[in-house]
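Here the structure is laid out as structure tokens; the discussion comes afterwards.
The values are calculated or read from the model by the stated rules, or taken from the named source; none is laboratory data. The model shown is predicted, which means the values in this text are computed figures rather than measured ones. Here Cβ is always computed from backbone atoms with ideal geometry, including for glycine, and neighbour counts include all displayed protein chains.
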Amino acid sequence: MAPTLRTDVSSLHLAGRRSPEASLLSPVQTCAGRFGAAGSSPEEALRLRPGEAGSAAPAGEKGTPPLVAPGLFISFEGIDGAGKSTHISALAEAFKAKGRAVTLSREPGGTPLAEKLRAMILNDVMDPLTEALLIFAARRDHLTTVIAPALARGDVVLCDRFTDATFAYQGGGRGFDLDVLSKLELWAQDARGLGHDFVHELGKKGEAAAIVQPDLTVWFDLPPEEAAQRLTGARVPDKFEAQPVEFFRRVAQGYADRLAADPGRFARIDAGQTREAVWQSVHGVFTGKGWL
Ligand code: TMP
């Protein structure tokens, strides 16, 4: 079932408060341009939903909930070399041109703590459970200090990788136990205590769990052989980039399995096209949803 995102307005004032460190994060850029009722285009105004997100929005008349755009959480996935970075930047510009505030971030990383963990995760040799625990620890810090507050403000959060990468790389690539990853996902992305009410329906009907998941995951799908060619000589490879093509075949299958389990959340992009054609596909997904 497609994920839904609801925000509890009563708790947004706490959740929307940003730590001083968060605004200093180098890999995370928050772009100016809050999306409020004033100055919105007619189309954008049509999409405003009363009181769904945004603590700093101008309050309406007494008893009227503030009109702000709901936050959007979008993740980008693909094997190394799939070419997502330029398109993420272009999307950020497109959203800003529409007057939306954008938070750009990445995983593992996105906070000072998570960036320290990233350096270990990408370079140090460790056992698979240790790796998974560090990845989810970084994710929890990123979620609580950057992603959730940004969504509460009504930002568009564009995140270069999120949990699907863990299922694809650790689960698919490394063959690590998917049940353990699912448990860690439930714990690390538990929405309780974040000041929000993000609800993502997991599992069978009636077994909903309140975890934070992207509203949309854009998967740049590229044959591993082609990705390997693109990466050749690009830079000194990290621990994952140095893996053989066979590893990336399993990672790609891991992404395909995640898509199959939750098709409504995913947009699969044929990343083997020309860069311009890939951009047209990506842009088309967002215009098709009425987000751009
Ligand atoms: P990237 O930022 O260049 O995409 O590098 C991040 C690397 O970390 C990439 O090789 C994928 C890997 N990774 C995992 O193995 N598990 C994860 O959960 C995430 C987010 C990334």
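Do you know which of the residues in region 84-104 that are of a type outside the set (Val, Ile, Thr) and within 11 Å of the ligand (Cβ to nearest atom) is surrounded by the fewest Cβ atoms within 10 Å (Cβ to Cβ)? If you could, list the steps in order and put the result at the bottom.
Quick first cut of region 84-104, residues of a type outside the set (Val, Ile, Thr) only: 84-85, 87, 89-101, 104.
Applying the additional criterion that residues be within 11 Å of the ligand (Cβ to nearest atom) yields 84-85.
On the way: Lys84: 23, Ser85: 12.
Going through the qualifying residues, I end up with Ser85.
Select from region 186-198 the residues that are more than 13 Å from the ligand (Cβ to nearest atom) and touching a helix residue (DSSP H, G or I) at 6+ places or on another chain (Cβ under 7 Å) and list them in ascending order.
Step one: filter region 186-198 for residues more than 13 Å from the ligand (Cβ to nearest atom), giving 186-187, 190-198.
Listed by number, the residues that qualify are Leu194, Gly195, His196.
Only one of Ala137, Ala150 is modelled with pLDDT of 95 or more and either small (Gly, Ala, Ser) or within 13 Å of the ligand (Cβ to nearest atom) (or both); which?
Values: Ala150 fails: modelled with pLDDT of 95 or more.
Of Ala137, Ala150, the one residue that is modelled with pLDDT of 95 or more and either small (Gly, Ala, Ser) or within 13 Å of the ligand (Cβ to nearest atom) (or both) is Ala137.
For region 120-132: of the residues being more than 11 Å from the ligand (Cβ to nearest atom) and under 27 Å from Ile88 (Cβ atoms), which is farthest from the chain's Cα centre (by Cα)? Let's see the steps before the verdict.
We begin by selecting, within region 120-132, every residue more than 11 Å from the ligand (Cβ to nearest atom); these are 120, 124-127, 129-130.
The next check asks that each one be under 27 Å from Ile88 (Cβ atoms); those that pass are 120, 124.
On the way: Met120: 21, Asp124: 25 Å.
Out of the qualifying residues, it is Asp124.
Within region 73-104, take every residue that is of a type in the set (Lys, Arg) and in a loop (DSSP other than H, G, I, E, B) and give me the one that is nearest to Asp221 (Cα to Cα). Talk me through it step by step, then tell me what you get.
Of the residues in region 73-104, the ones of a type in the set (Lys, Arg) are 84, 96, 98, 100.
Next, only the ones that are in a loop (DSSP other than H, G, I, E, B) stay: 84, 98, 100.
Details: Lys84: 10, Lys98: 28, Arg100: 28 Å.
Going through the qualifying residues, I end up with Lys84.
What number of residues within region 105-119 satisfy the criterion of being more than 7 Å from the ligand (Cβ to nearest atom) and in a strand (DSSP E or B)? I'd like the intermediate steps shown before the answer.
Here is the first cut: in region 105-119, the ones more than 7 Å from the ligand (Cβ to nearest atom) are 105, 109-119.
Restricting the remaining residues to those that are in a strand (DSSP E or B) gives 105.
Count: 1.
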I'd like the full set of residues that are more than 13 Å from the ligand (Cβ to nearest atom) and of a type outside the set (Ser, Thr, Tyr), limited to region 229-241.
Gln229, Gly233
Taking the stated definitions as given, is Ala97 at pLDDT 95 or above, among the small types (Gly, Ala, Ser) and closer than 30 Å to Glu131 by Cβ?
no
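Among the listed residues Ala234, Ala228, which satisfies the condition of being surrounded by 13 or more Cβ atoms within 10 Å (Cβ to Cβ) and either touching a helix residue (DSSP H, G or I) at 6+ places or on another chain (Cβ under 8 Å) or outside any helix (DSSP H, G or I) (or both)?
Numbers: Ala234 fails: surrounded by 13 or more Cβ atoms within 10 Å (Cβ to Cβ).
Of Ala234, Ala228, the one residue that is surrounded by 13 or more Cβ atoms within 10 Å (Cβ to Cβ) and either touching a helix residue (DSSP H, G or I) at 6+ places or on another chain (Cβ under 8 Å) or outside any helix (DSSP H, G or I) (or both) is Ala228.
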Going through region 158-185 one residue at a time, which ones are touching a helix residue (DSSP H, G or I) at 6+ places or on another chain (Cβ under 8 Å), near the ligand (Cβ under 9 Å from one of its atoms), part of a helix (DSSP H, G or I) and not polar (S, T, N, Q)?
Asp164, Phe167, Ala168, Tyr169, Gly173
Would you point out which residue out of Ala188, Ala152 is closer than 20 Å to Gln213 by Cβ and touching a Lys or Arg at 6+ places or on another chain (Cβ under 7 Å)?
Ala188
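Assess whether Ala165 counts as being at pLDDT 95 or above, under 17 Å from Ser75 (Cα atoms) and either surrounded by 21 or more Cβ atoms within 10 Å (Cβ to Cβ) or under 14 Å from the mean Cα position of the chain (by Cα) (or both). It would help to see each step written out before you state the result.
On the way: at pLDDT 95 or above: yes; under 17 Å from Ser75 (Cα atoms): yes; either surrounded by 21 or more Cβ atoms within 10 Å (Cβ to Cβ) or under 14 Å from the mean Cα position of the chain (by Cα) (or both): yes.
Criteria met by Ala165.
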